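What follows draws every value from the coordinates through simple rules; no lab data is involved. The shown structure was predicted, so the numbers you read here are calculated from the model rather than taken from an experiment. Cβ coordinates were reconstructed from backbone atoms using ideal geometry, including for glycine residues, and neighbour counts include every protein chain displayed.
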Amino acid sequence: MSAAALHAVGVAGDPASPVHRLDPRAKLLGLTGVTVVAVSAPARAWPVFAAAAAVLAATAVAARIPARVLALRGAVVLPLLVLLVLTVPLREDDAVVAAAAAKALVGTTAAVLLGATTTFPDVLHALERLRVPPAATAVAALMYRYLFVVAGEARRMRLSLQARGYAPRSALQAGAIGRVAVALFLRSHDRGERVQLAMRARGHSGALPRLRTLALGRADAAFLCAVAAALLPLRVALAVAA
Amino acid sequence: MIAARGLRYRYPSGAAALDGVDLHVARGERVAVLGPNGAGKTTLMLHLNGLLHGDGELRVCGEDPRAADLRARVGLVFQDPDDQLFMPTVREDVAFGPLNLGATPEQALARADAALAAVRMGGAEERAPHQLSLGQRRRVAIAGVLAMAPELLVFDEPSASLDPRTRRELLELLDGMALTMLVVTHDLPFAAQLCDRAVVLSGGRVVADGACLEVLEDARLLAAHDLELPAGFDPRALVERAGQLAA
């Protein structure tokens, strides 16, 4: 992913919408819940998929996220869907393929909605408060921060190659790309050591301390209840019927 | 504030980085540390905060560099702000130091906001570091150590890669701070404008120590240690101009 593409992701829609203002834990739990319900449903559970799609559509409308943004960001799932369509029919019927595609679309759209209504630092904060191991959230936080730095370095190195006439016409000329990757890895490793020194210089001793505290309110409870009310009865009814 | 005598340090490869450094810095002084690449400037800086430990005598803020609270009293500002700013938002990064020192989230928040205001970065609290310019990131990195209320500020190449206007703004910012400062730099005009005293470090030793202007006027000394003033730069004219402005 290029640096420009990295900058293109992030909060979209109306930052003052009721969905954007929800506690990030409520959005994380609610949207993950939609995904879990859809993914765990059997192949022909079309009412469940439809309900999940309705919940996601209502969330997108409330957050005033343009359909174009959803489509562009959700397009990341298309290669997987193509792979699914090409491979699964060899063994299963069309309904299974359609259900798998529906599940993939629901999961992707839920993730896109979370990313469009919640900043990445808030998602991390929510994960920490939901007791995800601190080491995992610290790695994610550092990865988020330095992804932009490494992408910028990669872009400058690519421009440097092009500026010196590098335009590979065969696989045999692609060796320079490998050497760029090695240089990028070594630079990142060196930077990691410098970052660790800078962290220790400011008293770091292990955990990443956090500043803000989150507070669940009535709106968060209402959002979670609405999601549960829209999906759980259908899902339970299907389970009982099975 | 800093008392080093016979300070020596060798890297694991065996190369001597510091080869008997003698340096005394009094409270309130602003000292430029000049020297060629590989002279040991950054290694010396890392000793002042207890990140490296060499042989010889060293007291910083009257304490042994292994003292637990030294990192609160000595603020290191690294050359590349991307090495220093690692939290997802500016406010969280500036609050990182105070939280490590045991401040409550409310106290850390207040200190972070005050430090950001002091470096004229109020309003950028919720932004991500990658959304800022290099000059802004450097200011936030300075806020990150100011929030820890240090007694000694140590800068590693603070003016590196800055455009002239951002460099001047940084100079004004640092000039307005009433703190003891050690400024490691290759930028001799920057040193002349900010520091009263200069130390030349070369081959891991202090080879010159005196008034900044006298050091910068010693062309043979500068040439012997790969230092060079920009063409046409006259340190005396700088001081005379400053005197006229003050009058």
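For the reader, a short list of remarks on this structure follows.
- Remark: relative contact order (region B:114-247) = 16 percent; criterion is Cα-Cα distance under 8 angstrom and separation of 6 or more residues.
- Chain A: relative contact order in percent, alpha carbon pairs under 8 Å with at least 6 residues between: 35
- Cα long-axis angle, helix A:120-129 against chain A (0 to 90 degrees, to the nearest 10): 60
- Dipole magnitude for chain B: computed about the Cα centre from +1 point charges on Lys and Arg Cβ and -1 point charges on Asp and Glu Cβ, it is near 140 debye.
- Among the trypsin sites (Lys or Arg not before Pro) in region A:49-142, those located in a DSSP loop and surrounded by at most 13 other Cβ atoms within 10 Å of their own Cβ are A:Arg91, A:Arg131.
- Trypsin sites (Lys or Arg not before Pro) restricted to DSSP loop in region A:145-242 with at most 12 other C-beta within 10 Å: A:Arg164, A:Arg169
- Reducing region B:174-241 and region A:184-242 to their Cα centroids gives an inter-centroid distance of 49 Å.
- Förster-model FRET efficiency, 30 Å R0, B:Ala16 and B:Ala110, C-beta, rounded to 0.05: 0.10
- Taking the square roots of 5 times each eigenvalue of the Cα gyration tensor of region A:6-139, largest first, gives ellipsoid semi-axes of 27, 17, 15 Å.
- Debye, to nearest 20: dipole size of region A:162-202, +1 on Lys, Arg Cβ, -1 on Asp, Glu Cβ: 120
- Using the Cβ-Cβ distance between B:Asp209 and A:Leu72 with R0 set to 60 Å, the FRET efficiency works out to roughly 0.45.
- Tensor-based shape of chain B (alpha-carbon gyration tensor, a/c under 1.5 rounded, otherwise prolate or oblate): oblate
- Annotation for region B:77-92 versus region A:52-105: alpha-carbon center distance of 38 Å.
- Global geometry of region B:51-115, whether rounded, prolate or oblate, following the gyration tensor of its Cα atoms and the 1.5 cut on a/c: oblate
- Residues B:Met87, A:Met143, B:Met121 in ascending order of nearby Cβ atoms (within 10 Å, fewest first): A:Met143, B:Met121, B:Met87.
- Taking a ≥ b ≥ c as the square roots of the eigenvalues of the Cα gyration tensor, an a/c ratio of 1.5 or more together with a/b no larger than b/c marks chain A as oblate.
- Inter-part distance, region A:120-158 to region B:113-172, computed on C-alpha centroids, equals 22 Å.
- Region A:86-242, dipole about Cα centre (Lys/Arg Cβ +1, Asp/Glu Cβ -1), debye to the nearest 20: 840
- Listed peptides B:65-78, B:160-173, B:90-103 by packing density, highest first (mean Cβ within 10 Å): B:90-103, B:65-78, B:160-173
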